[in-house]
Amino acid sequence: MLDYKNPKLIIETSTTENGSVTWKSPSNIALIKYWGKHGVQLPNNPSISFTLENAHTKTTINYGPKKGIDFGIELDFYFEGEKNPQFEAKIKSFLESIIEVFPFLKQLELKLESSNSFPHSAGIASSASAMSALALCLCTLEDQLFGTLSNDLEFRKKASYIARLGSGSACRSVYPTLAVWGQTGEIEESSDLFAIPYEESHEVFHGFHDDILIVSRDEKKVSSRAGHGLMEQNLYAGNRYQQARQRLHNLLTALKTGDLETFGRITEGEALTLHALMMTSNPPYILMHPNTLNIINALHEYRRETNLPVYFSLDAGPNIHLLYPDNIKEEVQKFTKEVLAPFCNNDILMDIAGQGPLEL
Ligand code: PMV
């Protein structure tokens, strides 16, 4: 079993200089959804996602050696330029939980600065970008101090593992274009502990569009953490995990061959299944809004009329992710502007399946 605990990662504070590390890391949209977990952030089924480009978090860790001996985490946290005690407490307890992986953290004074490219509370999953950016910073910090992570594959694997501990879906954000998380016989080297890149997709999926139609910016009524928890008692859970595996099998074939129709059928099925699982939880709940359904209906009508391969996905919220290949962007964007935009007050974030995180 992979274990990153390493008591050797202790610095000599008298010779350590101040430094800093910055990463920009994107959010992602799952095509096969992770919904339901066990143990320490382990998924009940494998998932695969597009890594986005424009919706990202930028995080800097400034560090310097502590003067005396103090075994706690010393952290100052700034979100969008302002001190944020609420996030600071969360990040501090996360860092405490991984102290055996990075024991040097307790020897440093840390100042973290984080900001999102998208407005806070835009209803966009910010935990994936935030936790992957933080995990990448921590791994670079380790490498700066000890030179232990110079191999890029090992670096990404560890960053993905650490990101997973912060937020499951975040582990997929450390790779470009597409990433798989969760053990499956379909893909060699796949693991429940970290994500791996999926590099066999047809070129039609490279730079695939994801326009995020913001139906509501309100904070959701039921958190993802609570949603995962409710899966434990969900009557349909067992069948759902089986379905996810079957769909992954079929989706991987579609991704390889460039079969957009199968891709769309599975992707939309997954989005609706995620919300069906919420509606069949105890207590049941609904995160879609009337305009979520209005957009889906208008999209289906447009597809019937035009036959164009444009599809939707949903995260755990009411906002629509409009997915389509680059070669039909003119038509789709015209349709979005004329028909869909009124359902979301023209509030749209244009994104694509992108290059993955970047060290700055
Ligand atoms: O990573 P979490 O614990 O916030 O869960 C997110 C789950 C979904 O976004 C709904 C699906 C997924 O696979 O990303």
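Just so you know, all these numbers are worked out from the coordinates, no wet-lab data involved. Remember, predicted model here, so these are calculated numbers, not experimental data. FYI the Cβ positions are ideal-geometry reconstructions off the backbone, even for glycines, and counts take in every protein chain you see.
This model, with +1 at the C-beta of Lys and Arg and -1 at the C-beta of Asp and Glu, gives the stretch 65-104 a dipole about its Cα centre of some 80 debye. Here each label is just a point 7 Å from Cα along the line to Cβ, and for I10 and I69 those points are 1.0 nm apart. For the pair E261 and K334 in one chain, pulling the backbone fully straight at 0.36 nm per residue adds 24.1 nm over the alpha carbon distance. Starting from the Kirkwood Rh over alpha-carbon pairs, what translational D in µm² s⁻¹ does the stretch 19-199 have by Stokes-Einstein at 37 °C and 0.692 mPa s? Rounded, D is 199 µm²/s.
Compared with the dominant Cα axis of the chain, that is its longest principal axis, helix 290-306 is turned about 60°. Restricting the stretch 148-211 to GluC sites (Glu not before Pro) that sit in a DSSP loop and have at most 12 other Cβ atoms within 10 Å of their own Cβ leaves E188, E189, E199, E200. Here the relative contact order of the stretch 206-352, from alpha carbon pairs under 8 Å that lie six or more residues apart, stands at 45 percent.
Axis of helix 85-97 versus longest Cα principal axis of the chain: the two differ by about 70°, to the nearest ten degrees. For the pair N345 and L308, label points projected 7 Å from Cα toward Cβ lie 2.6 nm apart. For the chain, relative contact order (Cα pairs under 8 Å, six or more residues apart, normalised by length) works out to 23 percent. If R0 equals 35 Å, the separation of the Cβ atoms of D152 and A276 corresponds to a calculated FRET efficiency of about 0.35. Taking a Cβ cut-off of under 12 Å around E261, the surrounding Lys, Arg, Asp and Glu residues balance to a net charge of 0, with basic ones at +1 and acidic ones at -1. Multiplying the residue separation of L2 and L293 by 0.36 nm and subtracting their alpha-carbon distance yields 100.4 nm. Put in line by how crowded their Cβ is, counting other Cβ atoms within 10 Å and starting with the fewest, C171, C137 read C137, C171.
If you take the Cα centroid of the stretch 312-336 and the Cα centroid of the stretch 194-229, the two points sit 13 Å apart. Using a Debye calculation, one point per C-alpha and no hydration shell, please list log10 I(q)/I(0) for the chain at q = 0.09, 0.12 Å⁻¹ in order. So the normalised log intensities work out to -0.50, -0.87. A protection proxy built from the mean count of other Cβ atoms within 10 Å ranks the segments 265-276, 45-56, 299-310, most packed first, as 45-56, 265-276, 299-310. Please report the spacing between the Cα centers of the stretch 278-308 and the stretch 1-48 in Å, no decimals. About 34 Å separates the Cα centre of the stretch 278-308 from the one of the stretch 1-48.
In terms of surrounding Cβ atoms within a 10 Å radius of their Cβ, F104, F94 rank from fewest to most as F94, F104. Ellipticity at 222 nm from helices only: DSSP H runs of n ≥ 4 in the chain, each -39500 (n - 2.57), divided by the residue count, give -11000 deg cm²/dmol.
Here the stretch 69-117 yields Rg over Rh of 0.99, to two decimals, using C-alpha coordinates and the Kirkwood radius.
Relative contact order for the stretch 229-302: what percent, with Cα pairs under 8 Å and sequence separation of 6 or more? Relative contact order comes out at 33 percent. Length gained on full extension, I286 to K111: 59.1 nm, using 0.36 nm per residue less the C-alpha separation. Counting Cα-Cα pairs of the stretch 154-219 in 10 Å increments starting at 0 gives whole-percent bin shares of 20, 40, 31, 9, 0. Seen against the Cα atoms of the chain and their longest principal axis, helix 260-279 is set at about 70 degrees.
Peptide packing for 213-222, 348-357, 3-12 was compared via the average number of neighbouring C-beta atoms within 10 Å per residue; ordered from the highest value, the list is 348-357, 213-222, 3-12.
Sorted on the mean count of surrounding Cβ atoms within 10 Å across their residues, most packed first, peptides 282-293, 23-34 read 23-34, 282-293.
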